[in-house]
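Written below as structure tokens is the structure these notes are about.
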Amino acid sequence: MRKSLLSKAVTAVCATIMCLGVTACGGNSSAKSDKSNSDSSSSSEKIGMHQIAGVTAKGELGKKPTVSFKTPMTVEDNSYVVLQKGDGAQIEDGDRVCSQGIAISVKDGSELASTWEKNTPDCSTVVTSDTSQMTENYYKIFKSLKLNSTVAFGVNDSNSSGTSYLMVLTLVSKSKDLKKATGEKVADIPADLPKVTLAKDGKPSIDMNGYKGSDSLISQDLIKGKGAVVKDTQSVVAHYTGWLLDGTQFDSSWDRGQSSAFSLDSVIKGWKQGLAGHTVGSQVLLVVPPSLGYGNKDQEKIPANSTLVFVVDILVAY
């Protein structure tokens with residue numbers, strides 16, 4: 001119940017932000033001071049979002065805050081308040097932010113869910129002026145603030161379960177996404193596998209090299225990255241291209257000009273099994289038999305019972 005409610009809170013907030021996951025903001029203050037929202041009204045006018053009144057937060061910056069407000073209260077979607085202004089690094093264009101979150105009922109102030117206890121921050125948001133990923137208002141919020149800030153977003157849930165809440169987010173870290181695989185080229189790749197060559201920008205092309213496929217999954221590093229090991233429960237940002245065994249390309253994020261983000265729970269088994277255990281920054285050659293792909297069903301450009309060949313650059317895992 002707690003997990004599903006937090007997921008619902010994240011989804012509601014991010015539908016407004018037009019991004020993929022939990023988000024947070026930051027600003028200026030000393031590390032030990034408790035900053036409230038008393039000086040943020042002018043910024044809300046510039047941002048054009050409703051300012052939530054009467055909410056405060058106490059506690060050490062970057063740690064789980066104690067949030068207070070008079071209950072019951074009402075909140076609107078597309079509303080926010082900066083509760084603590086952080087003392088960390090300034091948020092910049094292209095930063096991927098990780099945040100810890102608390103969902104708090106505005107009816108009685110009870111904590112509905114929290115990521116703090118299990119230390120499971122969400123890192124799915126990239127701060128960008130691209131309005132297909134983040135609205136201008138939220139972009140302005142993030143760009144004006146710093147790490148270790150706490151911000152609350154209002155979620156009016158009266159049309160679903162009837163539980164409206166504050167999604168209280170503390171931004172705890174940031175990073176930049178890789179643009180392509182980075183690391184050491186692997187020297188001992190089996191000679192009978194397809195041959196991959198890379199353009200200057202990293203886009204792969206392939207020579208099937210007479211390869212006839214495999215009844216089992218092949219997951220071969222072409223470049224060994226130096227990042228964290230990918231877990232099969234995580235989400236991944238990747239650049240990839242996919243081919244049939246006859247060399248026909250059926251999909252490529254490179255051709256779309258944008259990497260793709262996805263949960264490993266939502267993709268074909270060959271990807272879930274084939275990417276888990278590799279490291280961020282790696283480039284992986286996957287050969288996916290039909291049993292771990294789309295089986296005996298056609299899938300757009302992919303005929304039934306097809307073996308699939310992918311080259312995947314793992315850019316981020318979270």
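The values are calculated or read from the model by the stated rules, or taken from the named source; none is laboratory data. Everything numeric in this text was worked out from a predicted model, so none of it was measured. Methodologically, a virtual Cβ is constructed for each residue, glycine included, from the backbone with ideal geometry; neighbour enumeration extends over all protein chains shown. Keep in mind that these areas ignore ligands, DNA and RNA; they rest on the heavy atoms of the full protein, side chains included. Shrake-Rupley method; radii C 1.70, N 1.55, O 1.52, S 1.80 Å.
Summary of computed values
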| item | result |
| --- | --- |
| For E117: the one exception among (1) closer than 19 Å to S79 by Cα; (2) surrounded by fewer than 17 Cβ atoms within 10 Å (Cβ to Cβ); (3) free of Cβ contacts under 8 Å to residues at least 24 places away in the same chain | (1) |
| Looking only at the stretch 282-318, and only at residues there that are in contact with a helix residue (DSSP H, G or I) (Cβ under 7 Å, 6 or more places away or on another chain), among the β-branched types (V, I, T) and part of a strand (DSSP E or B), the one that is farthest from V126 (Cα to Cα) | V288 |
| Residue count, the stretch 126-137 (criterion: in contact with a helix residue (DSSP H, G or I) (Cβ under 7 Å, 6 or more places away or on another chain) and either under 13 Å from S99 (Cβ atoms) or among the hydrophobic types (A, V, I, L, M, F, W, C) (or both)) | 2 |
| Residue identified as among the charged types (D, E, K, R) and either assigned to a loop (DSSP other than H, G, I, E, B) or surrounded by fewer than 16 Cβ atoms within 10 Å (Cβ to Cβ) (or both) among K107, K140 | K107 |
| Subset of the stretch 215-249 (residues that are open to solvent by 30 Å² or more (accessible area, probe 1.4 Å) and either touching a strand residue (DSSP E or B) at 6+ places or on another chain (Cβ under 6 Å) or among the small types (G, A, S) (or both)) | S216, I218, S219, Q220, K224, G227, A228, V229, Q234, G247, Q249 |
| Options S306, S266; residue that is among the hydroxyl-bearing types (S, T, Y) and either more than 16 Å from I218 (Cα to Cα) or surrounded by fewer than 22 Cβ atoms within 10 Å (Cβ to Cβ) (or both) | S266 |
| Qualifying residue in the stretch 174-196 (condition: in contact with a Pro (Cβ under 7 Å, 6 or more places away or on another chain), open to solvent by 50 Å² or more (accessible area, probe 1.4 Å) and either acidic (D, E) or at pLDDT 95 or above (or both)) | no |
| Subset of the stretch 267-281 (residues that are touching a helix residue (DSSP H, G or I) at 6+ places or on another chain (Cβ under 9 Å) and polar (S, T, N, Q)) | Q273 |
| Matching residues in the stretch 232-247 - criterion: being in a loop (DSSP other than H, G, I, E, B), in contact (Cβ under 8 Å) with a residue 60 or more places away in the chain and in contact with a Leu (Cβ under 8 Å, 6 or more places away or on another chain) | Q234 |
| Sole residue being within 17 Å of L147 (Cα to Cα) and buried (at least 17 other Cβ atoms within 10 Å of the Cβ), chosen from G86, G94 | G86 |
